[in-house]
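K.L.:
Next up is a structure, given as structure tokens.
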Amino acid sequence: MVLSNKKNHPSALHEKPGISPPEIISPIAVENIKKIRKVQPSSQELVGGILAGNITALSRAITLVESTNSNHLAKANEVINACLPHANKSVRIGVTGVPGVGKSTFIEAFGKYLTSLGKKVAVLAVDPSSTISHGSILGDKTRMEELVKDENAFIRPSASGETLGGVARKTRETITLCEAAGFDTIIIETVGVGQSETAVHSMVDFFLLLKISGAGDELQGIKRGIMEMADAIVINKADGDNIRKANLAKLEFNRALHLFPAKKSGWIPTTATCSAITHEGISDVWKTIEQFLELTKENNYFFEKRKEQNQYWMLETINEQLKLNFYNHPQIHQLLDSTKKAVQNDETSPFAAAKLLLEKYFKF
């Protein structure tokens, strides 16, 4: 018997030389992207794009407005001032509620219904920022996967940053840009932290509070004062076995609303149920908003409230700018560390230290 020579047979683990894979990223494409990014559009080009309904120009302008870079401030103001004459032609709706109430799902169903009526909808979704990393997920476009594909809808997630109540610092200016771009319905979704909803209430025409049945937050809602600001309370997730509970919650909230004084608008807040999954009751929410708009425009409250809001945001902008100027002042920046240490070591009181810093700031 002749034994085979194992040396003539390659190992089962033998690998034949293959073809080198091509480069994943094209160097030409990289250079083209770099050239495009280097070219920053002028304020006139951005305004022209916004008025023409160009979403790319709108997005770039919003990024410019949200920038904390002081060099971008003048350009952002030019864009806002140029867009202002073309704004104020939309309905502004604020949507709030505790986390898990289904705000994003509701807004998607509501937004799709509005676009089916021929409306142009802009959703300004505010995402919570981490107090540790200061980052935000900004995943609202992922959660509104149907609405984001609608050509008559625009979704812009923004980080809440350190803003109390979950409203981004520049949301008010973003509304102006979206209105100038032709969006006639602006929906603002808050974080829903339940701390302070005054900010969103002061920039919208209609304030919608989403609730869920069985959460046991009826009294908490009254304590926070959110219900007092609400123009309508909608019990979401009224589907399946939850319909009966949702109807009971509707009655409870309806009773709670009678505890509050009458609104200046003359509007009596309503309660309703809906399901963002089955779309049951979604159309009724819009009918309620239409009734509110009809009433408040007839008695002129709608226009008076807009004037008050403009005044409010002027004062808020002044406060914000004074705060930025104070902390960015070079001399104050130097004194702040030593003053902090003095306060920590009980060498001076926080109030006396604050007074000293302010007095020095006004002398500079």
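K.L.:
In this structure, does R255 turn out to be closer than 22 Å to F206 by Cβ and not hydrophobic (A, V, I, L, M, F, W, C)?
P.N.:
When the stated conditions are applied, R255 does not pass them.
K.L.:
So, G221, is that one surrounded by fewer than 22 Cβ atoms within 10 Å (Cβ to Cβ), modelled with pLDDT under 90, part of a helix (DSSP H, G or I) and touching a Lys or Arg at 6+ places or on another chain (Cβ under 8 Å) or not?
P.N.:
So G221 fits the description; yes.
K.L.:
Further, regarding this structure: If we keep just the residues of segment 334-364 that are among the hydrophobic types (A, V, I, L, M, F, W, C) and out of contact with any Ser or Thr (no Cβ under 8 Å at 6 or more places or on another chain), which is modelled with the lowest pLDDT?
P.N.:
Ranking the candidates gives F364 first.
For every residue, the table says whether it meets (1) within 18 Å of R172 (Cα to Cα); (2) in the same structural domain as R172 (by TED's automatic domain parsing); (3) not charged (D, E, K, R).
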{"position": "V30", "(1), (2), (3)": "no, no, yes"}
{"position": "P41", "(1), (2), (3)": "no, no, yes"}
{"position": "E45", "(1), (2), (3)": "no, no, no"}
{"position": "A52", "(1), (2), (3)": "no, no, yes"}
{"position": "A61", "(1), (2), (3)": "yes, no, yes"}
{"position": "L64", "(1), (2), (3)": "yes, no, yes"}
{"position": "T68", "(1), (2), (3)": "yes, no, yes"}
{"position": "N77", "(1), (2), (3)": "yes, no, yes"}
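K.L.:
Something else now. Select from segment 26-44 the residues that are among the β-branched types (V, I, T) and modelled with pLDDT under 75 and write down the one among them that is nearest to V65 (Cα to Cα). Let's see the steps before the verdict.
P.N.:
Pass one, segment 26-44, residues among the β-branched types (V, I, T): 28, 30, 33, 36, 39.
Keeping just the survivors that are modelled with pLDDT under 75 gives 36, 39.
On the way: I36: 20, V39: 18 Å.
Within segment 26-44, the match that is nearest to V65 (Cα to Cα) is V39.
K.L.:
So, one more: Which numbered condition trips up V98, out of (1) within 22 Å of the chain's Cα centre (by Cα); (2) part of a helix (DSSP H, G or I); (3) more than 24 Å from K120 (Cα to Cα)?
P.N.:
Unmet condition: (2).
K.L.:
Pick from segment 175-218 the residues that are over 23 Å from G53 (Cβ atoms) and aromatic (F, W, Y): which of them is modelled with the lowest pLDDT?
P.N.:
F207
K.L.:
Does F292 qualify as being over 24 Å from the mean Cα position of the chain (by Cα) and either buried (at least 19 other Cβ atoms within 10 Å of the Cβ) or outside the structural domain of T115 (by TED's automatic domain parsing) (or both)?
P.N.:
So F292 fails the test.
K.L.:
Collect the residues in segment 247-295 that are in contact with a strand residue (DSSP E or B) (Cβ under 7 Å, 6 or more places away or on another chain), in a helix (DSSP H, G or I) and in contact (Cβ under 8 Å) with a residue 60 or more places away in the chain, keeping them in residue-number order.
P.N.:
V285, I289, F292, L293
The values are calculated or read from the model by the stated rules, or taken from the named source; none is laboratory data. These numbers come from a predicted model, not from an experiment. Because the Cβ atoms are built from the backbone with ideal geometry, glycine has one as well, and the counts that use them run over all protein chains shown.
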